[in-house]
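Reading through the structure tokens given below for one structure.
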There are 2 protein chains.
Amino acid sequence: MTLIKKIKDKKVNFEFNKEYIKVLTDKISNNDAVFITNSFKEMHPADAADIIEHLSQDNRESLIKLNEFKIDPEVFIELNESIQSEIIKYLSPSSITRILTNLESDDAIKILENVEEKEKNSILSELPPKDRFALLEGLSYPEDSAARIMQREFTAIPSNWSVGQTIDYLRENKELPEEFLEIFIVNENFKPIGTVPSSRVLTTPRESKMLSIMTDSPILVPVNMDKEEVGNLFENYNLNSACVVDKNDKLVGMITYDDVLTVLKEEAEEDALRLAGVGDEEITDGVLVKTKRRFNWLLLNLFTAFLATWCISLFGATIEQMVVLAFLMPIVASMGGNAGMQTLAVTVRTLATNDLTKNNFNQNILKEFNIGILNGIIFAIISSFIVQLWFQDIQLSLIISISMILTMVVAGLFGILVPVTLKKMSIDPAIASSVFVTTITDVIGFVSFLGVGAYFL
Amino acid sequence: MTLIKKIKDKKVNFEFNKEYIKVLTDKISNNDAVFITNSFKEMHPADAADIIEHLSQDNRESLIKLNEFKIDPEVFIELNESIQSEIIKYLSPSSITRILTNLESDDAIKILENVEEKEKNSILSELPPKDRFALLEGLSYPEDSAARIMQREFTAIPSNWSVGQTIDYLRENKELPEEFLEIFIVNENFKPIGTVPSSRVLTTPRESKMLSIMTDSPILVPVNMDKEEVGNLFENYNLNSACVVDKNDKLVGMITYDDVLTVLKEEAEEDALRLAGVGDEEITDGVLVKTKRRFNWLLLNLFTAFLATWCISLFGATIEQMVVLAFLMPIVASMGGNAGMQTLAVTVRTLATNDLTKNNFNQNILKEFNIGILNGIIFAIISSFIVQLWFQDIQLSLIISISMILTMVVAGLFGILVPVTLKKMSIDPAIASSVFVTTITDVIGFVSFLGVGAYFL
């Protein structure tokens with residue numbers, strides 16, 4: 001089954017999976033490792049990984065433990081992280097060594113990142129010294145640094161070569177990376193001074209100097225740069241690949257767009273999940289893991305909800321006097337919460353992409369203030385109109401109007417101020433902001449509504 | 001100022017912008033277009049665009065309308081969409097023509113997508129027939145299709161050529177795209193049968209056949225494929241570039257990873273913003289535009305809040321009997337809302353990345369059901385404990401426990417069922433789901449709490 005067929009007819013692909021999983025399950029219970037190995041070989045590694053992810057945990061364990069079955073390193077790296085961690089438990093030390101030595105350095109590091117400390121050391125001790133050293137060095141950099149996503153394999157040439165010399169060198173050298181989008185030109189200190197896309201070498205006569213066709217002032221990524229910042233650089237400057245340099249500007253590695261694609265996408269996804277109070281949850285996580293990941297958030301929310309309850313309880317006498325206030329009080333708090341979350345979601349994304357800077361900060365605060373007033377007035381009118389129709393009580397309409405305007409303005413301001421402040425304190429604004437914002441809007445919503453009510457009564 | 005400097009010292013870069021904007025503003029009021037043109041030429045187009053975005057609207061208008069200033073097409077395409085639309089209003093028809101004819105077809109189409117219908121026709125009529133035809137054809141495809149993000153410029157060769165013949169052809173042909181990551185091998189019907197990365201051509205001897213080094217069964221993207229699906233293909237199979245084919249499998253264009261990077265990132269970002277009820281908002285949008293974009297969501301939320309109010313009002317007598325119920329009723333609704341949003345955020349992302357399929361759907365429903373029960377029990381215990389401490393009323397503790405479990409289970413189930421159902425109805429689950437989910441959790445939260453309360457009293 002070729003990839004072309006599968007893409008042109010997604011239905012076929014889909015049924016294929018379901019049928020195939022049944023076949024595979026049978027083959028696993030029959031210990032038929034040969035069949036499985038052969039059919040995985042015919043597939044793209046990403047598809048084989050997809051199928052392994054769709055197996056039940058028991059079947060996955062049986063498959064990996066089959067004597068004759070050796071999982072392809074290319075398939076392993078395509079599995080999602082929670083399944084990788086699971087499978088590592090079933091693998092023999094020699095299988096893990098085989099996988100790690102057959103992968104590029106950045107992929108091998110990604111796998112080791114998810115292994116427990118004790119296990120990591122025993123795996124590393126099994127590796128050939130050269131590989132072990134390279135991986136240990138990579139792991140010595142901070143988890144989110146450029147060094148973790150770079151590969152140590154790249155193509156670099158001196159600046160005085162011609163196109164012909166370069167091509168001859170590339171044809172003879174057997175230690176090059178399997179693919180390279182750009183050739184780096186380095187000076188005598190191994191500092192990158194320019195890059196030439198592979199296709200430009202192909203379209204240039206042999207006698208031309210590489211120096212004459214290179215793009216100069218290449219972007220040099222320091223090994224310590226945060227990988228999210230690397231992602232923003234790639235996106236901003238439309239890069240294919242970039243040189244990674246140490247503190248002396250010496251070329252030490254290469255980052256390619258595909259490493260960055262994952263970083264950028266995960267970053268945007270993480271923000272979406274974190275705003276909703278879910279960590280790095282994977283679909284393959286079990287019930288207990290998922291419950292644990294979501295627990296802290298819900299617990300925090302429970303306490304802020306009790307805080308709101310306490311605020312309301314201060315106005316017990318007012319509510320007893322006029323029970324209609326109890327019916328209406330969730331409206332203002334809920335509108336404030338939603339308006340605050342809107343501002344918050346926008347702010348978190350603009351902070352992540354560096355679009356919100358010191359240069360336009362004041363201007364954006366003012367904007368949110370104005371939006372708050374505008375929204376406040378609009379929704380004060382609409383809601384007081386509904387309240388008037390329903391309860392025919394001009395005082396009640398007035399109460400909801402005043403409290404709505406106040407809460408909407410507060411919601412907009414805190415929706416931008418909370419994430420900006422958290423970022424300044426080096427706390428991920430996506431994780432913590434929404435609890436603060438909704439607590440503030442809840443409290444302001446209830447207190448302003450019941451407070452204005454108490455004043456009028 | 002080179003890029004290297006700017007990246008190695010971000011502070012410098014930052015101050016530079018702020019200072020530079022002042023300088024630029026002066027130069028604009030002095031009509032010094034020459035200075036501005038020259039300094040923009042020294043920058044990366046993305047940086048020049050960044051600076052233009054940071055100008056005030058008045059200054060931007062004055063700059064673009066300066067007689068001697070011609071905006072570089074490469075800078076124009078780096079501007080965000082709302083600024084592009086703004087600037088198009090200030091540009092003369094001949095400037096627009098100059099910009100469009102100097103860009104690759106996918107970039108030109110992106111610009112035209114944001115121009116109003118009437119204006120679009122007058123711009124198109126100014127273009128040379130060949131360009132006009134190409135753009136009209138591109139625009140005839142659906143907005144989210146592969147055809148809109150592909151470029152019509154690519155490099156293709158027949159299957160019987162050797163590496164040497166290919167290199168000679170590439171050196172002589174002047175009509176090739178400026179850069180190509182892969183060379184496509186086509187058969188006599190111009191159907192792609194394989195691809196060769198440019199770097200592999202460089203590392204292979206001249207006499208080898210291209211056929212012998214190509215990756216066969218290339219992924220063929222139909223012109224009509226949704227661009228988000230194209231993005232998932234690139235991510236799944238780690239593609240550099242892909243051939244786009246018409247319904248006869250004839251090669252018509254090429255999509256590269258950078259087009260896809262934008263699609264994937266925007267998609268994940270959009271989901272984050274849509275879940276929070278904000279559309280495709282840009283930081284440069286004005287107060288009125290932003291208010292308008294957020295209005296529908298807030299209006300919808302107002303009506304659902306009134307629905308909750310109506311539910312509460314049914315229990316007016318119960319609340320009058322025991323005003324403490326009014327203090328506590330927001331707790332259950334708020335916990336349900338949060339738990340529902342957690343499940344929803346996860347489901348929306350797994351739907352977008354095709355990780356949630358028919359194969360694992362039932363299993364995931366069951367998971368959410370179990371998580372709901374588990375969370376329900378945990379938070380029933382915690383909250384009844386707090387209530388007991390505070391009000392010393394065993395009945396009240398029982399009421400909040402029962403209602404908490406019920407609401408948490410409903411929240412989990414609807415958090416997964418609502419987005420899946422919407423997706424089946426071809427509605428973007430990120431846009432509409434959270435209103436449904438929070439309405440359901442609000443209603444269930446209030447009604448179950450007050451209902452159980454009424455039963456006990």
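The values are calculated or read from the model by the stated rules, or taken from the named source; none is laboratory data. What you are looking at is a predicted structure, and each value in this text was computed from that prediction instead of being measured. Glycine gets a Cβ as well: all are built from the backbone with ideal geometry, and neighbour counts include every protein chain shown. Remember, those area values only see protein heavy atoms, side chains included, never the ligands or the DNA or RNA. Shrake-Rupley method; radii C 1.70, N 1.55, O 1.52, S 1.80 Å.
Of all the residues in segment A:330-359, those that are farther than 29 Å from residue A:228 by Cβ and more than 8 Å from chain B (Cβ to nearest Cβ) number 2.
Filtering segment A:1-23 to residues that are surrounded by 12 or more Cβ atoms within 10 Å (Cβ to Cβ) and either farther than 30 Å from residue B:248 by Cβ or modelled with pLDDT of 65 or more (or both) leaves A:17, A:18, A:20, A:21, A:23. For segment A:150-162, a residue qualifies if it is part of a loop (DSSP other than H, G, I, E, B) and either open to solvent by 10 Å² or more (accessible area, probe 1.4 Å) or facing chain B (nearest Cβ under 9 Å) (or both), and the qualifying residues are A:152, A:153, A:154, A:155, A:159, A:160, A:161.
Can you find a residue that is within 20 Å of residue B:241 (Cα to Cα), under 27 Å from the mean Cα position of the chain (by Cα) and touching a residue at least 24 places away in the same chain (Cβ under 8 Å) anywhere in segment B:182-189? Checking segment B:182-189: at least one residue is within 20 Å of residue B:241 (Cα to Cα), under 27 Å from the mean Cα position of the chain (by Cα) and touching a residue at least 24 places away in the same chain (Cβ under 8 Å). Flag: residue B:398 matches the condition of being free of Cβ contacts under 8 Å to residues at least 60 places away in the same chain and closer than 19 Å to residue B:325 by Cβ. Of all residues in segment A:315-323, one or more are open to solvent by less than 20 Å² (accessible area, probe 1.4 Å), part of a helix (DSSP H, G or I) and more than 7 Å from chain B (Cβ to nearest Cβ).
Would you confirm, using the coordinates I've provided, whether residue A:204 is buried (at least 23 other Cβ atoms within 10 Å of the Cβ) and of a type in the set (Ser, Thr, Tyr)? Considered against the rule, which asks whether it is buried (at least 23 other Cβ atoms within 10 Å of the Cβ) and of a type in the set (Ser, Thr, Tyr), residue A:204 comes out as no. Among the residues making up segment B:24-38, those that are away from chain A (no Cβ under 14 Å), open to solvent by 20 Å² or more (accessible area, probe 1.4 Å) and part of a helix (DSSP H, G or I) are B:26, B:27, B:29, B:34, B:35, B:37, B:38.
Can you pull out the residues in segment B:360-391 that are among the aliphatic types (A, V, I, L, M) and at the interface with chain A (Cβ under 8 Å from one of its Cβ atoms)? B:371, B:374, B:378, B:382, B:386, listed by residue number. For segment A:52-62, the criterion of being crowded, with 17+ Cβ neighbours inside 10 Å and in contact (Cβ under 8 Å) with a residue 40 or more places away in the chain is satisfied by at least one residue.
Let's see how each residue does on (1) more than 8 Å from every other protein chain (Cβ to nearest Cβ); (2) in contact with an Asp or Glu (Cβ under 9 Å, 6 or more places away or on another chain); (3) among the hydroxyl-bearing types (Ser, Thr, Tyr); (4) open to solvent by 30 Å² or more (accessible area, probe 1.4 Å):
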site	(1), (2), (3), (4)
A:219	no, no, no, no
A:231	yes, yes, no, no
A:250	yes, no, no, yes
A:255	yes, yes, no, no
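Do we find a residue being touching a residue at least 24 places away in the same chain (Cβ under 8 Å), open to solvent by 10 Å² or more (accessible area, probe 1.4 Å) and either of a type in the set (Phe, Trp, Tyr) or not in a helix (DSSP H, G or I) (or both) anywhere in segment A:299-312? No - not one qualifying residue is present in segment A:299-312.
If you go through segment B:329-388 and keep only what is part of a helix (DSSP H, G or I), of a type in the set (D, E, K, R) and open to solvent by 40 Å² or more (accessible area, probe 1.4 Å), you end up with just B:358. Scanning segment B:163-201 for residues that are open to solvent by 40 Å² or more (accessible area, probe 1.4 Å) and among the charged types (D, E, K, R) returns B:168, B:171, B:172, B:174, B:175, B:178, B:179, B:188, B:191, B:200.
Among the residues of segment B:102-110, is there at least one that is within 14 Å of another protein chain (Cβ to nearest Cβ) and open to solvent by less than 10 Å² (accessible area, probe 1.4 Å)? Within segment B:102-110, one or more residues are within 14 Å of another protein chain (Cβ to nearest Cβ) and open to solvent by less than 10 Å² (accessible area, probe 1.4 Å). Considering segment B:207-217, and only residues there that are touching a strand residue (DSSP E or B) at 6+ places or on another chain (Cβ under 9 Å), under 30 Å from residue A:165 (Cα atoms) and hydroxyl-bearing (Ser, Thr, Tyr), the residue that is least open to solvent (accessible area, probe 1.4 Å) turns out to be B:208.
Taken together, A:381, A:371 contain a single residue that is modelled with pLDDT of 90 or more and touching a Lys or Arg at 6+ places or on another chain (Cβ under 9 Å), which is A:371. Of all the residues that make up segment B:258-274, how many are out of contact with any Gly (no Cβ under 6 Å at 6 or more places or on another chain), facing another protein chain (nearest Cβ under 7 Å) and without any contact (Cβ under 8 Å) to a residue 60 or more places away in the chain? The qualifying residues number 6.
When segment A:173-206 is limited to residues that are part of a loop (DSSP other than H, G, I, E, B) and of a type in the set (Ser, Thr, Tyr), the one that is nearest to the other protein chains (Cβ to nearest Cβ) turns out to be A:203.
Among the residues of segment A:275-296, the ones that are within 7 Å of another protein chain (Cβ to nearest Cβ) and either open to solvent by 30 Å² or more (accessible area, probe 1.4 Å) or not acidic (Asp, Glu) (or both) come to 9 in all.
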